[in-house]
Number of protein chains: 2
Amino acid sequence: MAVMENETKLAESIPRLVELADFRHQLRTFLSFSESASESCGIAAQQYQLMQVIGSVPADRQASISYIADRMILRHNSTVELVDRAERAGLVERRHDEHDLRRSLVQLTPQGWAILEKLVALHLEELHLHAEAMMRALRKVQAISLANRSSKNGDSGEDERR
Amino acid sequence: MAVMENETKLAESIPRLVELADFRHQLRTFLSFSESASESCGIAAQQYQLMQVIGSVPADRQASISYIADRMILRHNSTVELVDRAERAGLVERRHDEHDLRRSLVQLTPQGWAILEKLVALHLEELHLHAEAMMRALRKVQAISLANRSSKNGDSGEDERR
DNA sequence: CTAAAACATGTCGCTAGGCGATATAATGGA
DNA sequence: TCCATTATATCGCCTAGCGACATGTTTTAG
């Protein structure tokens, strides 16, 4: 260890790195496709995701800003801005909740529905082609992460266990 | 159709939307975790991904800017800037390719390796917990996208299957 | 019933990070 | 040698997310 130049660390010096990197690459590829697809419909990728969230609200809930923020994993103010942009683009519109005047409910416009429908189709098509590769990559990582349990504690061997 | 107010479109008006949205939510959750984990190590999520790419270069290749750009799915100039930042943070360093002076090869510093190792462990831990849910969501979408082949052409029924 | 706490949304200024356009140097083939 | 191609780097711009703050509404405690 002392004699090894620190340049010469090999790809496998961190055991599961390659699999994680491959999985991540799959994700980037999918996200990149989604971005292109959205742009091909004239909207931003985030707006597509926003519409996805709004369009898939469970029947007993409504798409308030905070609900959307929660599902989009964004701060509420970022969500407000996202909805602003989508509203300006004519994809969604705000309504006031009659029972709680603080809340503003967001819903898709007919144009929003149309674009969403188109993008869902495109994504399903893409996933039809690439879901399998993603599954494979994820499965590998999963197998690894299972074997990797308690990798922190004094484990002597970490490689022989499947 | 004429009498329906356009407000009342239900969640299932686009058949597979919920599954796609759920899958996307899983992705966001994972990416959000990755972001937090990276920040907990004092670096940006993109820098972690950069190190992943560099650390997992196949033995017969080297991490040039263009290679990284390709794997990160970024423009080369964005990659240059990403590497700049990572270099400033002491995570990576540039070297010149002796055989092609145009190329600059990027490699991890010892500190970079240390942080990468830590983050890989954190991510494997996380995936140990959530890979299953991601798999499930992906599997659903996949099943759907299979059934959805040629959904464009005049298909009368799209709901009765399964 | 009212004051205060909690909550939901909205506004503003800032910043990071990605991109297009452009520049410069090195390589390779005719 | 000369020029097209390749690889990296630089610059200015712009988007989208965030923290801090503001406003209005509901709920709760007393």
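Read the figures in this text as sums done on the coordinates, not as results from a lab. For clarity, every value in this text was computed on a predicted model and none was experimentally measured. When we count neighbours, we look across all protein chains shown, and the Cβ atoms used for this are built from the backbone with ideal geometry, even at glycine.
Would you confirm, using the coordinates I've provided, whether A:Q26 is within 14 Å of DNA strand D (Cβ to nearest atom), more than 7 Å from chain B (Cβ to nearest Cβ) and either within 13 Å of the chain's Cα centre (by Cα) or not β-branched (V, I, T) (or both)? So that I can check it myself, show each step before the final result.
Numbers: within 14 Å of DNA strand D (Cβ to nearest atom): no; more than 7 Å from chain B (Cβ to nearest Cβ): yes; either within 13 Å of the chain's Cα centre (by Cα) or not β-branched (V, I, T) (or both): yes.
When the stated conditions are applied, A:Q26 does not pass them.
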key: Single residue of the stretch A:82-99 satisfying the filter (near DNA strand C (Cβ under 7 Å from one of its atoms) and away from chain B (no Cβ under 14 Å)) that is farthest from A:Y48 (Cα to Cα)   = A:D84
query = Name the helices (runs of 4 or more DSSP H) wholly within the stretch B:34-149 that hold at least 3 residues that are surrounded by fewer than 17 Cβ atoms within 10 Å (Cβ to Cβ)?
reply = B:76-88, B:110-147
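Suppose we filter A:G42, A:G55 for residues that are more than 13 Å from DNA strand C (Cβ to nearest atom) and over 22 Å from A:A131 (Cβ atoms); which single one remains?
Numbers: A:G55 fails: over 22 Å from A:A131 (Cβ atoms).
The unique qualifying residue is A:G42.
Being hydrophobic (A, V, I, L, M, F, W, C) and surrounded by fewer than 16 Cβ atoms within 10 Å (Cβ to Cβ) is the filter here, so list the residues in the stretch A:20-33 that pass it. Don't jump to the end; show me each part of the working.
As a first pass, look at the stretch A:20-33 and keep what is hydrophobic (A, V, I, L, M, F, W, C): A:20-21, A:23, A:27, A:30-31, A:33.
Scanning the stretch A:20-33 gives a single hit, A:L31.
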note = The condition from (1) more than 14 Å from DNA strand C (Cβ to nearest atom); (2) touching a Ser or Thr at 6+ places or on another chain (Cβ under 6 Å); (3) away from chain A (no Cβ under 11 Å) that B:A69 misses is numbered (1)
query = Do you know which residues across the stretch B:45-85 are more than 11 Å from DNA strand D (Cβ to nearest atom) and either within 16 Å of B:D100 (Cβ to Cβ) or β-branched (V, I, T) (or both)?
reply = B:V53, B:I54, B:V57, B:D60, B:R61, B:I73
